[in-house]
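All remarks here apply to the structure that follows.
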Amino acid sequence: MATSHAVVIGSGIGGLTAAVALYRRGWEVTVLERSPSLEPIGAGISLAPNSQRALDVIGLGDAVRDLAAWQGDGGMRTPSGRWLARTDSAAAAARFGGPLVLLPRSALVELLRAGLPGEAVRTGTSALLVDAGHAGGRRAVVRTPSGDIEADLVVGADGIRSGVRAALFPRHPGPSYSGFTTWRVLAPAVGSPFASHETWGRGSLWGSHPMKDGRIYAYAAATAPAGARAADDEKAELLRRFGDWHHPVPEIIDAVEPGQVLRHDVHQMTVPLPAFHGGRTVLVGDAAHAMAPTLGQGGNQAVEDAVVLAHHMAPEADQGVAAAAYSADRQPRTTAVVRKAARVSRIMQLSSRPAVALRAGLMSAASRLGPGLVLRTFDGIADWGPPQRTYAAGTREGQRTRP
């Protein structure tokens, strides 16, 4: 019997994880990436216990943990440096089955890429879905500059401005602007050590987190008009907005070059899609459920998508039926996470002094009542587990071991 062929459009975290998961499930996989390389857009990525368990399914969980910094105690602060709430890593690990880990996004991309055959990834290749295929019938068709590719399955992992999504649901409005923009940097170690923290100001926030290799992953967010950019450069913009905040914020900004600061507006899927599939084509990650980063779950949910997709997509299965099962599995969960992230982003964007003071008071009070109350935000998210056992070993050499 011929090997089933999956085409993955997009080589972000969701696309590469889907490719690895499907490959280890027994599929032939082709990843099409329009950029000339797999160099990821982004600085760091935090992986919560839910996505670590998903990576365990494809045999990469421990490798990620070995590369990552385990995020210890930290908390939330005000711009002056006052602690509003403390996080307890032991309590989080006990509640969710493991701690949060942080690693460079490039390290995760390299790990995933190493799990695929050399010929599986084609960079510098644009892709257009011209036929989504039919459940139980014709194959899907993807157009590339070098010719059309027929596929038993197409995975749309092409991000917020997904062309695959637009082809499947041309009348859907797509993601909308959340009202705020973000900056991300990887900075060298600065000054004295500090605890991981997220600091909330008036309509803005800053996060600083030490990484295993000694560098610092930092991010910021602030309300801004869509498409706005600094008149000079984004490092200067960070200094204007955050240069008088507590240590180590000014030092981190000083340590980076202007060209190292990434800025992106945040869009979210306020109107859910009617489904995550059409025919033999499915959507994963931001293409399906773009969300605000306020819960740190965007990449985590994409990893979940990929592993759940492979769970349903046994090569001998009816791809149309399996695609519908994947969609039914993932849509309710990701819609709930999108909505919760949007609620947190609205709280973050509060800017009036009374509202900010009330927010700070509530955070402080919740922290005094114990870490469990703060951790409840992630109940039903970080405690998720994948639907199948591992199929990482013995799936590509000799006889495969089915889950």
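The values are calculated or read from the model by the stated rules, or taken from the named source; none is laboratory data. Bear in mind that the values here come from a model prediction, so they are computed numbers and not experimental data. Heads up, the Cβs are rebuilt from the backbone with ideal geometry, glycines too, and the neighbour counts pull from every protein chain shown. What goes into the accessible areas is simple: the full protein's heavy atoms, side chains included, and nothing from ligands, DNA or RNA. Shrake-Rupley method; radii C 1.70, N 1.55, O 1.52, S 1.80 Å.
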Cα-only radius of gyration and Dmax that characterise the range 80-221, units Å: 21.6, 63
Give the peptides 50-63, 324-337, 351-364 in descending order of average Cβ contacts within 10 Å, highest first. 50-63, 324-337, 351-364
Stretched out fully, how many nm does the piece from residue 359 to residue 119 gain, at 0.36 nm a residue minus the Cα gap? 81.2 nm
Choose one of 217, 302, 245: the residue whose Cα lies farthest towards the positive end of the charge dipole of the range 216-330 (beta-carbon charges +1 Lys, Arg; -1 Asp, Glu; about the Cα centre). 302
So the angle from the long Cα axis of helix 298-312 to the longest Cα principal axis of the chain, reported in degrees to the nearest 10, equals 20 degrees
Going by a ≥ b ≥ c, the root eigenvalues of the Cα gyration tensor, does the range 326-386 fall in the rounded group (a/c under 1.5), the prolate group (a/b larger than b/c) or the oblate group? oblate
So, by mean Cβ neighbours within 10 angstrom, what's the order for 9-15, 99-105 with the highest one leading? 9-15, 99-105
Accessible-area composition of the range 79-160, carbon plus sulfur, in percent [1.4 Å probe]: 51 percent
Any idea what the dipole of the range 79-226 comes to, in debye rounded to 20, about its Cα centre with Lys/Arg Cβ at +1 and Asp/Glu Cβ at -1? 440 debye
Given the options 37, 149, 208, identify the residue whose Cα lies farthest towards the positive end of the charge dipole of the chain (+1 on Cβ of Lys, Arg; -1 on Cβ of Asp, Glu). 208
Estimated FRET transfer efficiency (residue 231, residue 143; beta-carbon r; R0 41 Å; 0.05): 0.50
Determine one quarter of the surface area of the Cα convex hull of the chain, which equals its mean projected area, and express it in nm² to one decimal. 19.4 nm²
Give the accessible surface of the chain per residue, rounded to a whole number of Å², with probe radius 1.4 Å and ligands, DNA and RNA excluded. 41 Å²
Rounding to the nearest 20 debye, state how big the charge dipole of the chain is about its Cα centre with +1 on each Lys and Arg Cβ and -1 on each Asp and Glu Cβ. 1100 debye
Tell me, what is the FRET efficiency for residue 169 and residue 35 to the nearest 0.05, using R0 = 25 angstrom and their Cβ-Cβ distance as r? 0.50
Where does each of 121-132, 146-157 land if you order them by average Cβ count within 10 Å, highest first? 146-157, 121-132
Using 0.36 nm per residue, how much length does the chain from residue 150 to residue 93 gain when fully extended, once their Cα-Cα distance is taken away? 16.0 nm
Counting Lys and Arg as +1 and Asp and Glu as -1, each charge on the Cβ, what is the dipole of the range 155-237 about the Cα centre in debye, to the nearest 20? 280 debye
So for the pair residue 368, residue 82, with labels modelled 7 Å out along Cα→Cβ, what separation do we get in nm? 1.2 nm
Under a crude label model (7 Å from the Cα following the beta-carbon direction), how far is residue 379 from residue 316 in nanometres? 4.3 nm
Out of all DSSP beta bridges with both ends in the chain, state the antiparallel percent to the nearest 5. 70 percent
Pick out, from 136, 96, 69, the residue whose Cα sits farthest towards the positive end of the charge dipole of the range 23-168, with +1 on the Cβ of Lys and Arg and -1 on the Cβ of Asp and Glu. 96
Per DSSP helix of 4 or more residues, -39500 (n - 2.57); summed, then divided by the residues of the chain. What does that give at 222 nm, rounded to the nearest 500? -10500 deg cm²/dmol
